[in-house]
Structures are given as C-alpha cells and as structure tokens.
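See structure below.
The values are calculated or read from the model by the stated rules, or taken from the named source; none is laboratory data. For clarity, every value in this text was computed on a predicted model and none was experimentally measured. Every residue, glycine among them, receives a Cβ derived from its backbone with ideal geometry; neighbour counts consider all protein chains shown. All accessible areas refer to the heavy atoms of the entire protein, side chains included, with ligands and DNA or RNA removed. Shrake-Rupley method; radii C 1.70, N 1.55, O 1.52, S 1.80 Å.
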Amino acid sequence: MRETRLWSWHLLVIPIIIVLLGLHFAIMHYAPVFYGVSVEEARNFEAMIERGKSVAQLVLYILLLAAALYHGLYGLRGIIRELPMTPALGKIVDITVICVGLFIFAFGTYVTWWTFSYPVGG
Amino acid sequence: MNSNKPAYNNRLGIKGWVYAGKYTFERYLYLGHRLTGMGLIAYMLLHIIETANRMRGVVAWEGLMGLFALPLFKMIEYALFAAAVFHALNGVRLLMTELGFFLGRPKEPVYPYSSSIKRHRPLTYIIMALAALIIILGGSSLFFP
Ligand code: HEM
Ligand code: HEM
C-alpha cells in the first residue's frame, strides 16, 4: 500500500512539473519568442531578481522544486533498487535519497526566499 | 547438475540494453526515458547548487552566465532541453498507457494476435514527431536569437 501511494505521487506531481517546467523553459529558452528579450537578457542578475520579487514566482519555484525533486528522486530510487541488493542496502538507498531530497529542497527554498527578500535597489 | 548455471544466459551483456535484434520501438523509448530521467535529476541537483551562486552577488552570477554562454555549455544546455522535452512527451504517453487510454478494447486472443502496443503505435509516432518539432524549434531560438 505504501509503495502504491509513493508511486501514485510520482505520477500525480507530473501535471505540476509539465506546467511549471514548461514556464521555466518558456522564460529560459523561448525568451525571444514570448518576451521579446534575448536569452542573455532574460538570465541577467537584475532580470532574475526582478522575477524573484513576485509572490507568485516564490510559490511556483518552491512548488517546482518539491514536485520535480520528488518525481526525479523517486524515479532514481526505483532504478537503483531494481539492482540486486540486500534489504539492508535497500534501506540505506532509501534513507540516502530522502536525505538528499530534503537537503536540496531546504537549500533551494532558502535561495528562492533570499531572492524574494533581496533589498530593492540594493 | 547444472544448478549453478544461470537460468538465463545473458549473452549480450550491456550491449543488449541498446540492441538485441528484435527490440520494438517502445523498448528504445524506455531506454531513452530512463537515460533522460537520470540525466534530468542529476542536472537538477547541480542546478539548485549552481543557481545559488546568485547569493554571491552580481559579479559571481554574471561570471557564471558568461561561462554558460560558451558554445560548449550551449550544446550541453540544448541537449538537456531536448532530453527534457523527450522525457516529458514520452512520459505523457506512458501516463496514458498506464491509465489505459488509447490501447483499444480488450479482444479475444484469436490468431493472428493484435497487440495493444500496435494499436497504440500511431499515437506513439505522433507524440515523437511533436517532440522532434519542439526540440527543433527550441534550438532555433537558442542558436539564432
Ligand atoms: C516534464 C514532465 C515529466 C513527465 C510527463 C514525466 C513522466 C514520467 C513517467 C510517466 C515516468 C514513468 C513512471 C512509471 O512508469 O512508473 C517517469 C519516470 C522518471 N522520471 Fe519523469 N517526467 C517528467 C519530468 C521529469 C523530471 C523534471 C525529472 C528529473 C528531475 C524526471 C525524472 C524521472 C526519473 C529518474 C524517472 C525513472 C525512470 C525509470 O524508472 O526508468 N522526470 N517520468
Ligand atoms: C538548461 C535549462 C535551464 C536553464 C537555463 C535554467 C535557468 C535557471 C535560472 C537562471 C534560475 C534562477 C532563477 C531565475 O532566473 O528565475 C533557475 C532556477 C530554477 N530552476 Fe532552472 N533552468 C533550466 C532547467 C531546469 C530544469 C530542467 C529544472 C527542473 C528539473 C529546473 C528547475 C529550477 C528550479 C527548481 C529553480 C529554483 C531554484 C531555487 O529556488 O534555488 N531548471 N533556473
């Protein structure tokens, strides 16, 4: 049951990733098409801070962070655990994946928050 | 007597991942999906650490973006973009398969058998053509701004 639930989440977060990663690519790769600015302009420091100031961006980046990390790390865990291994080693894989996920999530959230609270004009 | 002989003789070894003579199209898509999935998660972990360089200020950030503007990094970035588009579209196909869409109605298994994969295949081709189109268009805005 627990495994089924974990797998369901792997699939349920996909719509979130499609929309948010689609937006992320629209900004980072299709900037000339959708925003009329060059790819370099879309990625310079001011533009990034400017974007990061919006509450929507704060929420959406944290959501993308959580969804993509969960989906990707769950997938990676599955690939590793398909290999022959003892139950104890399997447990170690699980715990390592969870720790990496939590650390990267906390760190990414902090960075997004840092951008959001960057002093205006500073 | 032969009890310590493997039941299945994995004659092709790792080569068999890529080619075993009669893999279907979908089997290659599976391989691609797995490789792109691993590439994406590896990239994502590095990406969070790399974009955190913004906290070191304008100079550090612009330095990093300057590095990424080099042709080598442009190529890597394009490969990543292509991998993401392929993984996403093939993933949508997998989702539909897993939820049972576009597989046709179950039928009596009467010879010559018709497989649900074959019934699904036109959709597979359409989705892959769409992926190719998006990948080509994405490249054009990257390389010819
Ligand atoms: C953009 C939308 C995406 C879609 C539609 C998608 C879809 C899927 C689907 C349907 C599966 C197979 C699940 C199963 O059959 O059990 C899967 C596996 C996987 N995905 Fe994604 N995915 C997306 C984005 C990502 C991203 C951004 C990452 C990395 C951060 C990622 C990493 C993986 C990994 C590592 C696997 C496991 C592959 C395997 O077991 O061979 N995916 N994805
Ligand atoms: C090569 C393609 C990519 C480029 C050029 C790119 C660029 C960037 C940039 C410049 C930022 C800083 C924020 C901003 O400017 O708005 C950022 C943040 C972010 N990107 Fe990407 N990105 C790419 C691919 C991806 C992929 C494939 C994923 C997910 C699997 C992803 C997930 C994120 C997340 C979650 C953040 C927020 C980071 C944080 O809060 O610490 N990006 N990206």
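Region A:54-119 and region A:1-46 have Cα centres lying 15 Å from one another.
Per atom type, the protein assembly as shown shows carbon and sulfur on 73% of its accessible surface, probed at 1.4 Å. A simple spin-label model places pseudo-atoms 7 Å from Cα toward Cβ; at A:Phe107 and B:Arg11 they are separated by 4.7 nm. Computed over chain B with a Gaussian network model linking Cα atoms closer than 10 Å, the most mobile of B:Gly32, B:Gly100, B:Gly21 is B:Gly21. Label zone (A:Thr96, point 7 Å along Cα-to-C-beta; backbone nitrogen cut-off 16 Å) within region A:47-87: A:73-87.
So which trypsin sites (Lys or Arg not before Pro) in region B:13-104 pass both tests, a DSSP loop state and at most 16 other Cβ atoms within 10 Å of the Cβ? Sparse-neighbourhood loop trypsin sites (Lys or Arg not before Pro): B:Lys22. Relative to the longest principal axis of the Cα atoms of chain B, helix B:71-98 runs at roughly 40 degrees. Model label sites at A:Leu23 and B:Met38, defined 7 Å from Cα along the beta-carbon direction, differ in position by 3.2 nm.
With r defined as the distance between the Cβ atoms of A:Ser117 and A:Ser38 and R0 fixed at 25 Å, what FRET efficiency is calculated, to the nearest 0.05? That gives a FRET efficiency of 0.35.
When N is the residue count of region A:1-87, what does its C-alpha Rg come to as a fraction of 2.2 N^0.38 Å? Working it through for region A:1-87, the quotient is 1.44.
Straight-line cross-link partners of B:Lys15 among the lysines, defined as a Cα under 28 Å from its Cα and at least 8 positions apart when in the same chain: B:Lys5, B:Lys118. Please compute the net charge surrounding A:Glu41, taking Lys and Arg as +1 and Asp and Glu as -1 over other residues with Cβ under 15 Å from its Cβ. Value of the local net charge: -2. Comparing mean-square fluctuations of B:Leu95, B:Leu29, B:Leu80 from a GNM of chain B with C-alpha springs under 10 Å, the top value falls on B:Leu95. What is the helix-to-structure angle for A:2-12, meaning the angle in degrees between its Cα long axis and the longest Cα principal axis of chain A, kept from 0 to 90 and rounded to the nearest 10? Roughly 30 degrees, rounded to the nearest 10. Only Lys, Arg, Asp and Glu carry charge here, each on its Cβ (+1 for the first two, -1 for the last two); on that basis the protein assembly as shown has a dipole of about 1160 debye about its Cα centre.
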